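Notes follow once the structure below has been shown.
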Amino acid sequence: MGELEIFATRIKELRNSLKMTQKDFSKHIGIKQQTLSGYERGIMKPPLDIAKGIAEKCHVSIDWLCGLSDKMNSSDEIKTYADAIKLFVKSEYALHFHVTPLSIKIMDTVMQCFFDDWSKTLPLYRDGTIDEKLYKLWINDKLREFEDVRIGNINDIEEFISIRNAEKEIYSSPQD
């Protein structure tokens, strides 16, 4: 199947999944209905900015739209329990969870550091002590803190733990 045929199939599949007519969908994505019809019939190729705009407005992967991926959604948003389960299963391979009927224990030291911090912050967000904006700032700060630590890279892990322990000592030592 050629790239025009793939795009034609995917754009029509996307429109149908949204339960929209060509008229409604073309309005939604900001193009003429005749143009959409040309895309769906595989006789017109959209410019990159149009394909990108469709992907963004419809929350799908541009790679999927163009046939480079079979994964339709581009976001990390968890919409179903299956999405959450897939993330846990993927994570287990890298982080080696210890799973019992009553608990899940993370065997990965770096992730355990995150969960230790998160277990203190999440209740504050849930009970309204901190608002969503502050909670998201905290999450983003944590993501920056952990972004250079590659899973399974012993040098990254040792450096992270060393820095973390040094920071703990600074904050826990008595102040003059």
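A compact table of results
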read-out	value
Residue within segment 76-84 that is in contact (Cβ under 8 Å) with a residue 12 or more places away in the chain, surrounded by 12 or more Cβ atoms within 10 Å (Cβ to Cβ) and among the acidic types (Asp, Glu) present	no
Qualifying residue in segment 88-106 (condition: more than 30 Å from Val149 (Cα to Cα) and touching a helix residue (DSSP H, G or I) at 6+ places or on another chain (Cβ under 7 Å))	no
So Leu87, is it within 15 Å of the chain's Cα centre (by Cα) and either within 30 Å of Gly2 (Cα to Cα) or surrounded by fewer than 15 Cβ atoms within 10 Å (Cβ to Cβ) (or both)	yes
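Bear in mind that the values in this text are calculations on the coordinates, not laboratory data. All figures in this text were calculated on a predicted structure; none of them were measured in a lab. Glycine gets a Cβ as well: all are built from the backbone with ideal geometry, and neighbour counts include every protein chain shown.
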